[in-house]
Amino acid sequence: MLGDGILKGMAETARNFFGSFVSDERLTTVEYPEQRIPTVEAARVFPFLVYDGANWEAGMRCVACQICEKECPPKCIYIEKSADKKPDFVGKQQFYPTRFDIDVSVCMSCQICVEVCPFEAIKMDTQFELATEDRFGGLLYDRKELSRSNEYYHSIHPTEAGEVDARLAEEKAKVEARAKAAAEAAAAKAAAAANPTQLAGGGS
């Protein structure tokens with residue numbers, strides 16, 4: 001029926017309007033900013049960078065792979081890679097960004113940067129009150145301004161953050177197991193090389 005969607009919308013509006021006189025559940029608006037609706041876990045606004053530990057610079061997960069920069073549709077991410085390396089969460093030496101800027105005045109909150117990041121380093125924030133008098137420099141966030149702790153990540157996206165931590169812990173356990181096996185094999189080889197007579201005697 002032509003106009004069926006319009007009629008349904010008007011009916012819902014009328015139901016909320018008249019129902020608001022008898023039920024608080026029908027009050028679909030709040031007096032912002034005095035009143036605020038709690039942010040849902042799935043909300044996404046602008047990206048931020050996750051770091052582990054107490055030091056944002058030392059604990060930053062980003063390895064400056066620049067995948068997010070290349071995949072960003074509006075091209076609002078700017079990354080410069082370091083010349084040296086630092087250990088990541090499993091102890092592997094990785095590059096890190098000496099510059100990581102996001103122009104939030106251009107960002108379209110599409111979350112593609114989050115989806116393509118293989119290091120769980122960039123996530124979506126729920127903070128939306130970012131108004132500033134400086135429309136250019138005030139909305140260009142550098143890596144320090146973008147950095148948020150893993151604890152903060154858990155506070156806004158607890159389900160997702162828990163799954164990420166579980167995956168990272170599993171990956172770390174696998175790396176440590178491989179390193180332990182390699183160390184044991186090297187120790188056994190060194191012991192055999194140091195005692196060739198014992199090896200020969202065992203075979204005679």
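The values are calculated or read from the model by the stated rules, or taken from the named source; none is laboratory data. This structure is a prediction, so every number in the text was calculated from the model and none was measured. Using ideal geometry, Cβ is built from the backbone for each residue, glycine included, and neighbour counts are taken over all protein chains shown.
A few remarks follow.
- Taken as a whole, the structure places residue 50 among residues that are within 19 Å of residue 114 (Cβ to Cβ) and in a strand (DSSP E or B).
- Subset of region 165-192 [in contact with a helix residue (DSSP H, G or I) (Cβ under 8 Å, 6 or more places away or on another chain) and in contact (Cβ under 8 Å) with a residue 12 or more places away in the chain]: 165
- Among the criteria (1) of a type in the set (Gly, Ala, Ser); (2) closer than 27 Å to residue 37 by Cβ; (3) touching a Leu at 6+ places or on another chain (Cβ under 7 Å), the one residue 155 does not fulfil is (3).
- The single condition among (1) more than 23 Å from residue 43 (Cα to Cα); (2) free of Cβ contacts under 8 Å to residues at least 60 places away in the same chain; (3) assigned to a helix (DSSP H, G or I) that residue 115 does not meet is (1).
- Single unsatisfied condition, residue 42 versus (1) among the small types (Gly, Ala, Ser); (2) in contact with a strand residue (DSSP E or B) (Cβ under 8 Å, 6 or more places away or on another chain); (3) within 30 Å of residue 12 (Cα to Cα): (2)
- Members of region 60-88 that are farther than 19 Å from residue 105 by Cβ, in contact (Cβ under 8 Å) with a residue 24 or more places away in the chain and assigned to a loop (DSSP other than H, G, I, E, B): 61, 62, 63, 64, 65, 88
- Evaluation of residue 27 against (1) touching a Ser or Thr at 6+ places or on another chain (Cβ under 7 Å); (2) closer than 23 Å to residue 155 by Cβ; (3) aliphatic (A, V, I, L, M); (4) at pLDDT below 95 (one fails), failing number: (2)
- Just so you know, in region 131-159 the residues that are hydrophobic (A, V, I, L, M, F, W, C) and surrounded by 18 or more Cβ atoms within 10 Å (Cβ to Cβ) include one that is farthest from the chain's Cα centre (by Cα), and it is 139.
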